[in-house]
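Notes to accompany the following structure.
The values are calculated or read from the model by the stated rules, or taken from the named source; none is laboratory data. If you're wondering where the values come from, they're calculated on a predicted model, not measured in any experiment. Note that each Cβ is placed from the backbone with ideal geometry, even for glycine, and that neighbours are counted across all protein chains shown.
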Amino acid sequence: MTEMRKIESARNLNAGDPPPVDVGRKQLINRLNYINFQNDTVLLRFKHKRFDHSICIPAKIKPCGSDRLDCIWADPRQPFTEYGAYDLECLMAPNGHKMFMARPTVKAINARGISLILPEACIEAGLRRVRRHSCSGISAYFTQNSALYYGTLVDFSALSMCIEVSTVPPQTFEWINPELPATLILFDGRETVYSGECKIIRQFGNKQKKSFILNSAASSIQRFQPKEFRSTRQQLVPLPDIIFTHPFTRKTVNLALFDLSGSGCSIEENEKDALLLPGMLIHDLELNLAGCHIAKTTAQVVYRNIINIDGNPPRIRCGIVFLDMDTQDHVKLTALLQKAGDKKSYICNRVDMDELWNFFFETGFIYPEKYEAVRKHREEIKKTYERLYLQTPSIARHFTYQDNHRILGHMSMIRYYKNTWLIHHHAARKNGYYHAGIAVLNQIGRFGNDAHRLYTLHMDYLICYYRPDNKFPNSVFGGAARNIKDPGGCSLDTFAYFHQSGNNPPLPIPDGWKLTPTQPAELTELEIFYKQVSGGLMLNALDLTMYGGTGCDELAEEFQRHGFQRQRRLYSLKKNNRLAAIIMLDISDVGLNLSDLTSCIKVIIIDSVDLSGNVLRSVLSDVSEQTGRGEMPVLLYPAAYAENNDITYQKLYTLWILSMQYTDPYFRYLKRLLKFIQH
């Protein structure tokens with residue numbers, strides 16, 4: 001707090017204060033030594049002997065061990081020199097939102113300072129209803145109607161902020177209209193810590209420098225678009241605390257939570273000592289339970305409400321939203337919350353691998369034909385799943401519904417494209433808990449609802465493949481898309497699925513046809529085609545747009561860091577420079593998806609007139625040979641091309657895609673369809 005601000009506070013000391021409290025000299029000395037320890041100042045108020053005039057002089061104090069207190073003027077150049085014309089009226093020592101006031105005896109006074117004899121007792125008077133907190137090193141940018149002033153944040157309370165700004169010619173403070181709102185931006189030297197519209201409550205100072213008392217114009221801000229289906233707030237027992245370095249004071253703050261969700265929390269504060277303002281950014285907020293770290297997040301205060309309970313002092317409840325969080329911390333937080341809601345719910349827990357494989361076979365998820373396809377790679381697949389389920393890589397999540405170690409339901413997801421997570425491996429025991437399959441669907445829905453706004457999760461889209469003749473996914477996922485009726489928010493695209501045997505040597509590509517690496521302009525042509533035939537989300541979700549289809553694949557590097565394989569190659573099939581198809585070759589660990597939909601060839605036919613089935617078979621033979629695996633699954637789009645060109649396929653797969661901006665209509669449909677969904 002600047003000296004000008006302290007003096008301004010002292011002048012308002014007696015306005016509506018509660019009755020003072022008597023304080024002994026020993027307690028006063030302890031407060032004075034604390035002020036010395038903090039290198040802070042006291043105020044000395046002098047009254048003129050002849051005229052009704054008082055002045056307040058700030059002073060530094062030396063350590064105090066008895067009734068003598070030695071003070072040095074805080075400003076050596078201060079103009080007060082007429083010592084004989086004034087009497088010392090009182091010594092004022094700040095004590096939070098109160099002030100110690102004493103009437104000492106002057107022993108000596110000169111141009112350097114003053115020596116005092118402290119009295120046996122003093123009083124503690126209320127300075128104001130809420131405490132002001134001193135700030136340092138916070139830059140302030142204050143603007144109104146394009147006039148921009150620079151300065152610093154002096155202090156703040158939960159009700160107002162005091163900034164000190166200067167003019168730069170030809171600026172004057174006349175440019176500021178106190179009747180109109182102004183915008184305040186606070187910067188700590190590295191990052192913005194606050195911005196918002198404020199009302200000007202009071203101002204004081206001179207033509208070159210002024211202090212403005214500002215009040216936030218709103219008790220809440222809207223960080224994100226409102227949602228009907230919000231994250232579930234829970235009051236855990238015990239609740240974690242939040243610990244952070246306050247962005248304005250740079251002091252450590254520890255506050256108890258009122259409730260907690262996967263996307264935010266709320267706290268309650270004592271009105272007198274409140275520390276949070278709507279709009280305030282907190283860059284390293286830690287969730288901590290009994291000394292154990294749960295999560296660290298970047299957060300923002302989004303609302304401040306006064307809670308009045310009969311017979312009790314008012315409380316302040318503040319809402320905090322999580323803006324970003326480490327992926328592993330987010331797993332711990334959501335696992336804790338879902339476990340608290342249902343003791344059988346688990347997220348990314350260490351799974352008994354024998355029990356997991358037994359579950360897959362017993363539920364029929366691995367049926368005879370599927371087992372035949374993966375049997376020869378079973379040892380490799382076992383190792384892959386040990387890394388997935390025992391090491392919790394950032395690219396994968398698994399959700400289980402368990403009765404102790406026995407798995408009743410399972411669902412998992414993997415981040416297989418830049419901003420897209422693939423949901424797969426949904427299965428449940430029929431002779432266990434009846435709703436286990438719905439329980440894990442509910443788990444993954446809650447997780448997505450909590451996570452999709454966090455940048456580190458890269459969750460703009462959720463996708464899954466299902467067979468149209470499979471009633472449950474067709475009813476849940478297909479039904480949601482048909483109900484939403486907006487392919488820009490939730491879309492369905494059907495592929496023909498078959499296996500391409502690797503020929504050795506591969507079949508030659510007929511004359512006139514060329515297979516070349518895809519260029520950005522060809523992806524633009526693909527977008528035009530897809531918009532006409534579907535208008536859905538496939539190209540955005542699968543990184544097949546001009547901006548997402550080429551360049552460095554950071555996701556492949558993340559897969560590699562966790563010991564997994566992730567390659568993608570894009571080819572353009574052209575005849576006489578006319579684009580006929582885009583071919584995407586995905587290569588990953590065998591069995592990462594047990595239907596090998598993460599290690600396959602995707603073909604999007606653009607020109608179905610010139611491209612015959614025989615030409616396509618030759619091209620697929622060439623592409624398949626590049627993998628060295630002998631046989632590769634193929635997903636062919638549109639599926640009608642296979643029927644029209646005598647290409648034998650084994651089954652149809654529908655690709656379901658949900659934009660996470662459309663979670664409300666998705667959950668609205670799900671609640672009507674499945675009464676056990678808890679969103």
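A few notes on this one:
- Scanning the range 228-240 for residues that are assigned to a loop (DSSP other than H, G, I, E, B), surrounded by 14 or more Cβ atoms within 10 Å (Cβ to Cβ) and of a type outside the set (Gly, Ala, Ser) turns up Phe229, Arg230, Thr232, Arg233, Leu236, Leu239, Pro240.
- Of residues in the range 530-555 being crowded, with 16+ Cβ neighbours inside 10 Å and assigned to a helix (DSSP H, G or I), the one modelled with the lowest pLDDT: Leu555
- Residue within the range 159-180 that is touching a residue at least 60 places away in the same chain (Cβ under 8 Å), closer than 30 Å to Pro20 by Cα and of a type in the set (Val, Ile, Thr) present: no
- Per this entry, Ile61 is counted among residues that are in contact with an Asp or Glu (Cβ under 8 Å, 6 or more places away or on another chain), surrounded by 15 or more Cβ atoms within 10 Å (Cβ to Cβ) and modelled with pLDDT of 90 or more.
- Exactly one residue among Ile243, Ile185 is hydrophobic (A, V, I, L, M, F, W, C), touching a Phe, Trp or Tyr at 6+ places or on another chain (Cβ under 9 Å), outside any loop (DSSP other than H, G, I, E, B) and in contact (Cβ under 8 Å) with a residue 12 or more places away in the chain, and that residue is Ile185.
- Unique residue being out of contact with any Lys or Arg (no Cβ under 6 Å at 6 or more places or on another chain) and farther than 29 Å from Gln661 by Cα when the list is Gln532, Gln519: Gln519
- The range 318-358 - residue that is assigned to a helix (DSSP H, G or I) and small (Gly, Ala, Ser) and, of those, surrounded by the most Cβ atoms within 10 Å (Cβ to Cβ): Ala335
- Total residues in the range 49-84 satisfying the condition of being among the small types (Gly, Ala, Ser) and not in a loop (DSSP other than H, G, I, E, B): the figure is 3.
- When Lys210, Lys199 are screened for being in contact with a helix residue (DSSP H, G or I) (Cβ under 7 Å, 6 or more places away or on another chain), at pLDDT 90 or above and assigned to a strand (DSSP E or B), only Lys210 passes.
- Residues within the range 375-416 that are over 19 Å from Gln328 (Cα atoms) and surrounded by 22 or more Cβ atoms within 10 Å (Cβ to Cβ), tallied: 6
- Residue check, Ser412 closer than 21 Å to Asp596 by Cβ, more than 19 Å from the chain's Cα centre (by Cα) and hydroxyl-bearing (Ser, Thr, Tyr): yes
- Condition check for Thr456: β-branched (Val, Ile, Thr) and in contact with a Ser or Thr (Cβ under 6 Å, 6 or more places away or on another chain): yes
- Options Leu159, Leu148: the member that is under 30 Å from the mean Cα position of the chain (by Cα) and aliphatic (A, V, I, L, M): Leu159
- Within the range 277-315, tally of residues that are touching an Asp or Glu at 6+ places or on another chain (Cβ under 8 Å) and surrounded by fewer than 21 Cβ atoms within 10 Å (Cβ to Cβ): 13
- Residues that are surrounded by fewer than 19 Cβ atoms within 10 Å (Cβ to Cβ), in a helix (DSSP H, G or I) and either polar (S, T, N, Q) or touching a strand residue (DSSP E or B) at 6+ places or on another chain (Cβ under 7 Å) (or both), drawn from the range 589-617: Asn614
- Conditions (1) under 30 Å from Ile200 (Cα atoms); (2) not in a strand (DSSP E or B); number of the one not met by Asn36: (1)
- In the range 467-495, the qualifying residues are those that are without any contact (Cβ under 8 Å) to a residue 24 or more places away in the chain and closer than 19 Å to Pro665 by Cα, and the one that is surrounded by the most Cβ atoms within 10 Å (Cβ to Cβ) is Arg482.
- Selected residue (criterion: farthest from the chain's Cα centre (by Cα)) from residues of the range 265-304 that are within 17 Å of Gly196 (Cα to Cα) and in a strand (DSSP E or B): Arg304
- Of Pro104, Pro94, all but one fail to be under 30 Å from Ile163 (Cα atoms) and surrounded by 13 or more Cβ atoms within 10 Å (Cβ to Cβ); the exception is Pro94.
- Test: residue in the range 173-185 that is touching a His at 6+ places or on another chain (Cβ under 9 Å) and either at pLDDT below 95 or surrounded by 14 or more Cβ atoms within 10 Å (Cβ to Cβ) (or both): no
- A Cβ distance below 9 Å, combined with a sequence gap of six or more or placement on separate chains, defines the contacts here; from the range 46-59, residues that are within 14 Å of Trp73 (Cα to Cα) reach residues that are in a strand (DSSP E or B) and among the polar types (S, T, N, Q) in the pairs Phe46/Ser54.
Here is a yes/no grid of residues against (1) in contact with a helix residue (DSSP H, G or I) (Cβ under 8 Å, 6 or more places away or on another chain); (2) assigned by TED's automatic domain parsing to the domain that holds Ile117; (3) under 19 Å from Asn95 (Cβ atoms):
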{"residue": "Asn30", "(1), (2), (3)": "no, yes, yes"}
{"residue": "Thr41", "(1), (2), (3)": "yes, yes, yes"}
{"residue": "Lys49", "(1), (2), (3)": "yes, yes, no"}
{"residue": "Asp52", "(1), (2), (3)": "no, yes, no"}
{"residue": "Ile55", "(1), (2), (3)": "no, yes, no"}
{"residue": "Ala59", "(1), (2), (3)": "no, yes, yes"}
{"residue": "Gly65", "(1), (2), (3)": "yes, yes, no"}
{"residue": "Ala74", "(1), (2), (3)": "yes, yes, yes"}
